[in-house]
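Asks: Below are the structure tokens for one structure; questions will follow.
Every number here is computed from the coordinates shown, using simple stated rules; none is lab data. Source: prediction; values computed, not measured. Cβ coordinates were reconstructed from backbone atoms using ideal geometry, including for glycine residues, and neighbour counts include every protein chain displayed.
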């Protein structure tokens, strides 16, 4: 599950009042473009490994996961930590390379999901997640209401879900798993609006030039912003799949 992998570096830029500024729009557009690129990489590799038995054999054998399979399952958190804590030291191209590598590793890992659920339910949950994400992204970008005060509550909710999932790992309660999935969908759809508004404000901070942000820093901020929205979308999708997906 991706929910514990959210970076916090995009909060390094001070907020400024929301307004309609061309640079802010360009910044947010770049964030979404990078996010869609990462989702495309993940979807392509998930489909390729999930539908090709020869490729899948590199990940799993009748006796269990291969070395590559274990790396695929347990390395995504390392990528996110490297991007978050290496924000100041890494160049924009290096950060972008890590982001695409992370999306690729996630895509390969998601091929296991395609094995567990029917193609119809995977597609249905993906389209539902896309619709929910899109609606909340528009709301976050266009609303005049300050969503800052909800951020801490939502992050606490993410931590609560993580704790509940760890507990349920031992309890193995289907009812609790269903409740966790419902709450997870609600929290990450709300986080989508919050994160989009935060990114818009970061873009407007760059527009006003009040923080001495360089072009390289702007590119790096857009990459971490894309990572944040990517994780929001992925978690909405995964929780929907856990809640409503039909297993094979």
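Asks: Starting from the alpha-carbon convex hull of segment 141-220, give the projected area averaged over all orientations, in nm².
Replies: 7.0
Asks: Another one. Against the longest alpha carbon principal axis of the chain, how many degrees, from 0 to 90 and to the nearest 10, is the axis of helix 174-208 turned?
Replies: Around 30 degrees separate the two axes.
Asks: Determine the relative contact order of the chain: mean sequence separation of Cα pairs under 8 Å and six or more apart, normalised by residue count, in whole percent.
Replies: Worked out over the chain, it gives 41 percent.
Asks: Taking the chain as the reference, fit the longest principal axis to its C-alpha atoms, fit the long axis of helix 119-142 to the helix C-alpha atoms, and give the angle between the two in degrees, 0 to 90, nearest 10.
Replies: Its long axis makes an angle of about 10 degrees.
Asks: Then there is this: Using Cα atoms only, what is the angle between the long axis of helix 76-85 and the major principal axis of the chain, expressed in degrees (0 to 90) to the nearest 10?
Replies: The answer is roughly 20 degrees.
Asks: While we're here: Give me 198, 220 ranked fewest to most by other Cβ atoms within 10 Å of their Cβ, as a rough exposure proxy.
Replies: Values: 198 21, 220 25.
Lowest count first: 198, 220.
Asks: Next up: Just from the alpha-carbon atoms, what are the Rg and Dmax of segment 20-244 in angstroms?
Replies: Here Rg and the maximum Cα pair distance are 18.4, 58 Å.
Asks: Of 197, 54, 88, which is the most mobile in a GNM of the chain whose springs link Cα atoms less than 10 angstrom apart?
Replies: Sorting by GNM fluctuation, first place goes to 54.
Asks: If you rank 230, 117 by fewest surrounding Cβ atoms within 10 Å, what's the result?
Replies: On the way: 230 24, 117 20.
Fewest-to-most ranking of 230, 117: 117, 230.
Asks: Can I ask one more? Once you have the Cα-Cα distance between residue 155 and residue 57, take 0.36 nm times their residue separation minus that, and quote the gain in nm to one decimal.
Replies: Taking 0.36 nm per residue and subtracting the Cα distance, the gain is 31.5 nm.
Asks: What whole number of Å gives the distance from the Cα centroid of segment 171-248 to the Cα centroid of segment 58-111?
Replies: Here the two parts' Cα centres lie 18 Å apart.
Asks: Of 78, 161, 108, which is the most mobile in a GNM of the chain whose springs link Cα atoms less than 10 angstrom apart?
Replies: With Cα springs under 10 Å in the chain, the top fluctuation among 78, 161, 108 is at 78.
Asks: For q = 0.17, 0.18 Å⁻¹, what log10 I(q)/I(0) does segment 66-176 give under the Debye formula with an equal point scatterer on each alpha carbon and no solvent?
Replies: -1.41, -1.46
Asks: Figure the gain on full extension for residue 43 and residue 183 (residue separation times 0.36 nm, minus the Cα-Cα span) and round it to one decimal in nm.
Replies: Here the segment from residue 43 to residue 183 would lengthen by 47.9 nm.
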